[in-house]
Every structure is written in C-alpha cells, then in structure tokens.
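What follows is one structure encoded as structure tokens, with my remarks underneath.
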Amino acid sequence: MSDASATARRFRPTTSEDVERDGHRFDWLKPDGWREGFRALALEVDGEVIGVGRIGTNPVHPRRDLVELEIAPEHRRLGHGTALLHELREYSSNPLSSKAESGSERDLFLRAHGAVTYLEVPLLRVDLTSERTARWIRTVRELADDGARVLPWSELPREQLVDALTDRYLWQHASWSPTAPRDTIRPIVGEEFFEESDLAGSWAVLRDGTITALADLYSADGADAPASRREGALEAVDAAAPHARADVALCLAALLDGLRADGMTALDFDNHPTDPHAAPLLATLDREEVDPVHLVEIPGGLTATLRELIP
C-alpha cells in the first residue's frame, strides 16, 4: 500500500497535555519520561495526533525491551503504524516484546514485522459452583499428609512471603523469559505482588516453617477496584521439592474453598502452560480457556540481522 502521508508525519515526545486531551482515544498514551528508561512518542499528521507509542527497558526481563503502539482506527492501514514502529526502534537495539490476541488486527500487524510467539498464555476460568470443584477440594484434603500446614498470607511475615514470591518467579520464567538478578526483581515481583494481593484470601503451604507453595489472589481489575472479578496464580516455591505438587494442590484447594464460601462463582488463573505443577492440576478442574494471548518477540540485534538473510 502506498505511503502518501509520509511527508506530513511528525514524531515528537508526548506531553501531559496530550494525555489530558487525547487520553480517551489511546490506551497506550503516557507522557514521555513517565517511567525511567522509557520513551513515549506522538505521531502527528497535519497537526492531529493520530498515533502514540512507547518503548523502554523491562527491569524484570532485561533481554527484551517493551513496545506498545496504537493508531487511531480511521488512520490504520496507511503505513503509519510501520513508520511509528521504525521511529520507536531508534531507541532500542534489543528484541522487542509485546502481546496480542491470536488473529486480531494487532496480531497481524506484529506478525508482518517478524513477531514470533515465545509463549501462548490462556486465561483459565474455574467454575467454583460445580460439584466437581467441591469433590476436587475434598479429595485433595483427604490425600494430604500431616507434614503440611495451610495458612492465609495474613498470618505470615511479610518478608518471608516476599522472598517466596521472588524465588517462585525466578524459576517459573527461567526457561522462556530469563530475569534480572534476584536482588533487582525482588522489589517488583516480590514486594509489589505482595502489596497488590488479597492477604486474607491468598494461601501458603508450610513444611517445617518453610513456605513450599503459594496461591495468590488479586482483584482482576486492580487493587482499588470492587472485587467482582478475582484472579489467581499459584505454583511451588521450589519446583523440584518432593512434595511440590501435593503442596500446590493444597494451596489451590484452600483458595477455591475460601472463594466458594464467599459466594464467588468463578476464578480466573493467570498461570503459564509451562508451569510443571499448576498446569496439570488446573487441567483436572472444571474450567475453560478464555482470552488467550500470545507473548511475542519482534526481532532485534542478532535475530533481526539473521531475519534479513531470508529472501
């Protein structure tokens, strides 16, 4: 398709005035420099902001930079998105990371620029009201041994939980999205996850005073939103521990039972298909896959160079 608007394009850093004026039009609009290590750009055509984008380092997963861009619907398929992506590229030489729903307009755009999936993540919705769920909870508890204690996070020390959250995150992502060093990510995936969680509704299994498994509960719409939709995550703190799967099952049983008692009808799980204990356990429940997304990488550096070798 021709790029007739190229001569009229202008890229500039976004401002707080842009956010106030056009924030309702663009989900990804932030003022330039709103976060350390990030740039945010506006794309103007004939003085009108028709697109926005941002790019920056990922402090937790530093081997890929984060990129997001958005073009107003009436200005799409005219080359503006490609031009904006190329402009954002000036601020990074790393592979870029983004996410998209399979087959969506966003997905097709990213694929056209060489994006490849590095993990497909379905959201699993568990039916809390089904008889199968009730029997599942009872069976897990009947099979549990006496060495495991199940406690809500509200009864455990903050620092112990933050350490366990950090350790879990490190091994969960090691094979497909390696992290920064433990001390770097602890304030983010440990402390922030702890602060955002529902402490009374989240559960941990302890053996000899050590946390072996965690089940987190969050508001799906943010910590300050009404708890009409809940989201969970769970896994072992040490995936290789001999009781890892049994302890994850105990955590999950406590989480499900607590929500059933509160009258909740469903719970979404933001877990990975690569999780060695959570994934097979969730597969035994009455659940459905909803809103699957692809985590994708756009080539950069070595991969971009090698991609250009393809005729």
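The values are calculated or read from the model by the stated rules, or taken from the named source; none is laboratory data. Source: prediction; values computed, not measured. With ideal geometry, Cβ positions are generated from the backbone for all residues, glycine too; neighbour counts draw on all protein chains shown. Ligands, DNA and RNA are stripped out before the accessible areas are found, and what is left, the full protein with its side chains, is counted by its heavy atoms. Shrake-Rupley method; radii C 1.70, N 1.55, O 1.52, S 1.80 Å.
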Inset, instruction - Working only within the range 26-60, note down all residues that are under 30 Å from Arg182 (Cβ atoms) and of a type in the set (Asp, Glu). - result: Glu36
Inset, instruction - Kindly list the number of the only condition in (1) in contact with a helix residue (DSSP H, G or I) (Cβ under 9 Å, 6 or more places away or on another chain); (2) closer than 22 Å to Glu101 by Cα; (3) open to solvent by less than 50 Å² (accessible area, probe 1.4 Å); (4) outside the structural domain of Glu68 (by the TED database) that fails for Leu256. - result: (2)
Legend entry - Residue among Pro242, Pro280 that is under 26 Å from Ser177 (Cβ atoms) and surrounded by fewer than 20 Cβ atoms within 10 Å (Cβ to Cβ): Pro280
Inset, instruction - Tell me which residues, restricted to the range 55-84, are closer than 26 Å to His173 by Cβ, in contact with a strand residue (DSSP E or B) (Cβ under 8 Å, 6 or more places away or on another chain) and either surrounded by fewer than 16 Cβ atoms within 10 Å (Cβ to Cβ) or free of Cβ contacts under 8 Å to residues at least 40 places away in the same chain (or both). - result: Gly56, Thr57, Asn58, Leu66
Inset, instruction - Scan the range 123-148 residue by residue and report those that are free of Cβ contacts under 8 Å to residues at least 40 places away in the same chain and charged (D, E, K, R). - result: Glu131, Arg135, Arg138, Glu142, Asp146
Inset, instruction - Look at Thr274 and say whether it is touching a residue at least 12 places away in the same chain (Cβ under 8 Å), farther than 30 Å from His243 by Cβ and of a type in the set (Ser, Thr, Tyr). - result: no
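A quick yes/no check of all residues on (1) open to solvent by 40 Å² or more (accessible area, probe 1.4 Å); (2) among the charged types (D, E, K, R); (3) under 20 Å from Asp275 (Cβ atoms):
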site: Thr133; (1), (2), (3): no, no, yes
site: Leu151; (1), (2), (3): no, no, no
site: His173; (1), (2), (3): no, no, yes
site: Trp176; (1), (2), (3): no, no, yes
site: Pro181; (1), (2), (3): yes, no, no
site: Gly201; (1), (2), (3): no, no, no
site: Ala213; (1), (2), (3): no, no, yes
Legend entry - Meets criteria (within 14 Å of the chain's Cα centre (by Cα) and outside the structural domain of Thr284 (by the TED database)) for Ala115: no
Legend entry - Single match in Glu120, Glu105 (criterion: open to solvent by 60 Å² or more (accessible area, probe 1.4 Å) and either touching a residue at least 60 places away in the same chain (Cβ under 8 Å) or of a type in the set (A, V, I, L, M, F, W, C) (or both)): Glu120
Inset, instruction - Could you tell me whether the range 157-171 includes any residue that is out of contact with any helix residue (DSSP H, G or I) (no Cβ under 9 Å at 6 or more places or on another chain) and within 19 Å of Leu282 (Cβ to Cβ)? - result: yes
Inset, instruction - Scan (1) outside the structural domain of Ala244 (by the TED database); (2) closer than 21 Å to Asn271 by Cα; (3) among the aliphatic types (A, V, I, L, M) for the single condition Leu170 breaks and write down its number. - result: (1)
Inset, instruction - Search the range 1-48 for residues being open to solvent by 70 Å² or more (accessible area, probe 1.4 Å) and basic (Lys, Arg), and hand back the single one that is modelled with the lowest pLDDT. - result: Arg35
Inset, instruction - Output the residues belonging to the range 129-151 that are of a type outside the set (A, V, I, L, M, F, W, C), modelled with pLDDT of 95 or more, farther than 25 Å from Asp268 by Cβ and in contact with a strand residue (DSSP E or B) (Cβ under 7 Å, 6 or more places away or on another chain). - result: Arg149
